[in-house]
Every structure is written in structure tokens, then in C-alpha cells.
1. Does segment A:45-115 classify as rounded, prolate or oblate by the C-alpha gyration tensor (a ≥ b ≥ c root eigenvalues; a/c under 1.5 gives rounded; else a/b over b/c gives prolate, otherwise oblate)?
2. Between segment B:89-146 and segment A:1-48, what's the alpha-carbon centroid distance in Å?
3. Need the per-residue list for segment A:71-110: every residue with at least 30 Å² less accessible surface in the complex of protein chains than in the chain by itself, probe 1.4 Å, sorted by number.
4. Please compute the per residue accessible area over the protein assembly as shown with all protein chains in place, 1.4 Å probe, rounded to a whole number of Å².
5. With contacts defined as alpha carbon pairs under 8 Å and 6 or more residues apart, what's the relative contact order of segment A:118-221 in percent?
6. What is the dipole size for chain B, taken about its Cα centre, with +1 at each Lys and Arg Cβ and -1 at each Asp and Glu Cβ, in debye to the nearest 20?
7. Could you compute how much accessible area chains A and B hide from each other, both sides summed, with a 1.4 Å probe? Nearest 100 Å² is fine.
8. How big is the charge dipole of the protein assembly as shown about its Cα centre, in debye rounded to the nearest 20, if each Lys and Arg gets +1 on its Cβ and each Asp and Glu gets -1 on its Cβ?
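The values are calculated or read from the model by the stated rules, or taken from the named source; none is laboratory data. Just so you know, these numbers come straight off a predicted model, no measurement behind them. Ideal geometry is used to build each Cβ from the backbone, glycine not excepted, and the neighbour counts take in all protein chains shown. Surface accessibility is based on the protein's heavy atoms, side chains included, excluding ligands, DNA and RNA. Shrake-Rupley method; radii C 1.70, N 1.55, O 1.52, S 1.80 Å.
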Amino acid sequence: MSAQHIVRSFDKELDYLAKKIAEMGKHARHMVERSISAIVQDDSFLADRVIAEDIVLDEAERDIDEKAILIIALRQPMAVDLREIVGTIRMSADLERIGDMGKNIAKRVAAMTEIRQSASFYKNLEAFASLALRQLDEVLDAYAKQSLERIDAVREHDDEIDAMYTSLFRELLSYMVEYPSNITVCTHLLFCAKNIERIGDHATNIAETVHYILTGYYPLSERPKDDQTYEVGLDKKRIFQKNV
Amino acid sequence: MNPELSIKMRGLDVKVFYDSNQALHGITLSILENNVTALIGPSGCGKSTFLRCLNRMNDTIEGARVTGHVFLDEEDIYDSSLDVVELRSRVGMVFQKPNPFPKSIYENVAYGPRIHGLARSRLELDEIVEKSLLKAGLFNEIKDRLHDAGTGLSGGQQQRLCIARAIAVSPEVILMDEPCSALDPIATARIEELIDDLRKNYTIVIVTHSMQQAARVSQFTAMFHLGTLIEFGATETIFTSPKEQRTQDYITGRFG
């Protein structure tokens, strides 16, 4: 941000919001990361901890809302300050949802314990999760550095997530076709994959919010949309051949 | 910008000198008809000076010299053949501190129409007074005491009386120089409501130190600094995403 405000305490309040967003980001990321570990290592103790920690994000979101509303009421912020404050409210909602995704993934650990597969079975899900989390890291970093260039770069990567989601979807479907005994675990994993794909969407939302904070307008072009799972069918040939 | 908007007044390279001191450095700015234009900027930026150029109030200041042109419709108001008294009836003014004449409420409003010969009979004059007080949102509060002293009203009522007085001579443009800075929030809200109402029939230019007021009442905002025009645009743009850093710094409280 440019020069300091004449009223210094205003800067402190804005710094507080930015710091809180960074904390929420870190916490949400950590939850997702560990929810995936819990799945891969079949660690229901870890999963329970992730589920219990979701409340931290709920509270942080409420805290940000309250502080932001207070600043609006007391300081009547204008221009970039107003955009920053409204942007903070939006970003905290996206981060809270990312935490929920982590919680949802962690909740499936208990149901999957009975039907545990070897670690290699989860390899692609893990890779997919790291891709989505990298997206989140980049967007939070770009926000902290107030870098428009990096924000726009993040949006470009959204299609990678969609492409990987589609391929993971196909892969899981093919396992189910080949070994019906895999259906339960694969269905759970499909939901996990969907949750991870949503994390990518929330990261993109945050990127758009940061773009708005920095420029005063939302990015013009439609975000790239390559999630093609809606057209992946059960027919074996199509699962493997479509869009190859 | 909306093509239906027409330009009511236009300053063209307006420079003002107070003796050797230059207060305005060539302002070119259009005032759009039936809109409220807010002039904002830190103290000493030239916004009030520019406002006073619009009805030649600077003529009354010793040592003040104005160059450039100010057009009202297509007419240059600094043309030597122009009747300044007539100009000020077309471009009225409301000041920071309410300044009713030490006369009755009725006389305060009737004074202008009378000297400009706008009423042919007492009945017509009564009508102008009532209409002006109604438009200024004051009539219902004071209709039973039209002949009491104008100076006996509350501050907010006095300011609305001054607006009624300005309206009484059927101006086309009303200039307001911080019209609410001496008023409490309720009186301020009444004046702001009134400004919004008045713009249907008049073109309004307002100088204000309150960013929130500028944002609330105006459709266009001009940002001044050190005697120059920094930025002019739709009010919603200026207050959400101004183009100029100095505008941004000023409205967000980062100046200096």
C-alpha cells in the first residue's frame, strides 16, 4: 500500500485484517494437507484433529467480519481502503470454505479404514491436492506482496487443476469398472477429489478478489473452465479415449 | 459519459491571481446540467476560488485578477458587456455560514424577486415566497411565523432560508460553499436531501470538506490540489477507484 494514513491506528487495523487473512490461509492449508495425509496413512486420530480444528477458521472468519464492519462504521473508508476491507471479508469466507473442504475429506477417513488400499493407490489424489494447495500458496503470497502480475499468473493455472480433476475422475471410474470391490473406496475418493477441485476454485476466487483490491475492477476474461467430468461416461472405451 | 448530459457551465483555462500569488493554474472543467458537481481537495487547493469564479464573486475581492473564460451556456461571463447583477441572479450562491438578512423570513425571500422585478403584484410575490420556501423544505415549519425575524431560526433553518432566498430569483445554477459545515447531522441530512431534490430543476456546484458528503450528494466530483485540477469524473469512480494517486491519498486520509 502507498503512504501511511494520517490516523496511524487506521493502518494498524488494516494490518490486523491482512495478518488475520494470512493466518487463516496457513491454517486452512494445514488442515487440507493433513486431511490428505490422514487418508493416505489411514490415520483416524489425525483426521479427528483436523475436524476439531475447523472451529478456528469459523472464529477467525467471524472476527474478520466484525473488525471489518467496525472499521467501515468508524472510519468510513474510501477507495483502495474500502476495497481492501470488503475484499478481506470475501477472502475470509473463501478460506473458511477451504477449511471445510479439509474437514470433509478428513471425515471420510473413518469410512475408508475397512477398505484400505496401498499408499500408491492414493498417489494421484495426493498430487492433485498439492497442485491445489500450490495454487492457494501462490495466491496468498501474491496478496501479501500486493503483486498484480503474480495474481494474474495464478488465474492462468486454474485450468491445470480442472484438467487433473478430469483425469483423476476418469482413473477412479476405470478402477470401479475393473474391480467392483473398489467402488466404495473410489466413491469416497471421488468426493475427496471434488473437494480438492473446489479448493482450486476458492483459490481462484481469492485471486479475483485480490485483483479487485489492487485495481478497482474484476478481471475481465472468463476464468478458464476445463472441468470436463460432466461428460465422462461409464462406457469403458469413452473413459479411456475421450479427450485423449 | 452519458450522451444526454449537457454542459451548463464551462471553465476554460481559468487562472486566478491574488496580487502576485497565483491561486488557480489554468482550470478547465465542465459543470453538467441538472447534476451536482462536488469540488473537493485540501484547504488552499483552490476549490472555493474556482467556485467563486462561476458567478464572479472574485470581482469583489481586492487584488484578485481572473484570466481565462467561464461560459454559462454559450456566454462568456467575463465578457465586459455582461451585467454582473443579472449573472448572479442566474448563478446563485449559498455560503458556509447561514447569513439571512436582519429582516423577516418573508422579506429575506422577497428581497431578490423584488429588486429584479420578478413579481407584478403582492399576490405574485407572496406566491414566489411560498414556492421558494416550499422548495427549500422550510415552509411547513415556519408558515405561521413568516413575519418573524429570519435570524431567529435555528442554524439549519437559516441555511434553508438562504437556499430559499437563492431559489426565489429562479437561478439556473446554485453554488454552495460548504453549506453544511456549521450544521448538526440532522440539519445536514435535510440539506443533503434538499440538494438531491433541487437538482431536478437546477445545476448545483458544491464545495465540501466532507468526503462522505461529496460521495452522498454529487454525481460528479472534481479533485483540486495546489491550484490545479487533479482528477474529474463520476463520483462513484472517484470514491471507489480513483485514477490519480493524489486523489487516492486525499480521500483515504493519507495526505501529507
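1. prolate
2. So the separation of the two Cα centres works out to 63 Å.
3. In segment A:71-110, residues shielded by partner chains: A:76, A:78, A:79, A:80, A:83.
4. Each residue of the protein assembly as shown exposes 47 Å² on average to a 1.4 Å probe.
5. Working: 85 pairs, mean separation 37.6, N = 104.
Across segment A:118-221, relative contact order equals 36 percent.
6. 380 debye
7. Counting protein atoms only, the buried area is about 1200 Å².
8. Numbers: 59 positive and 76 negative charges, 118 e Å.
Rounded to the nearest 20 debye, it is 560 debye.
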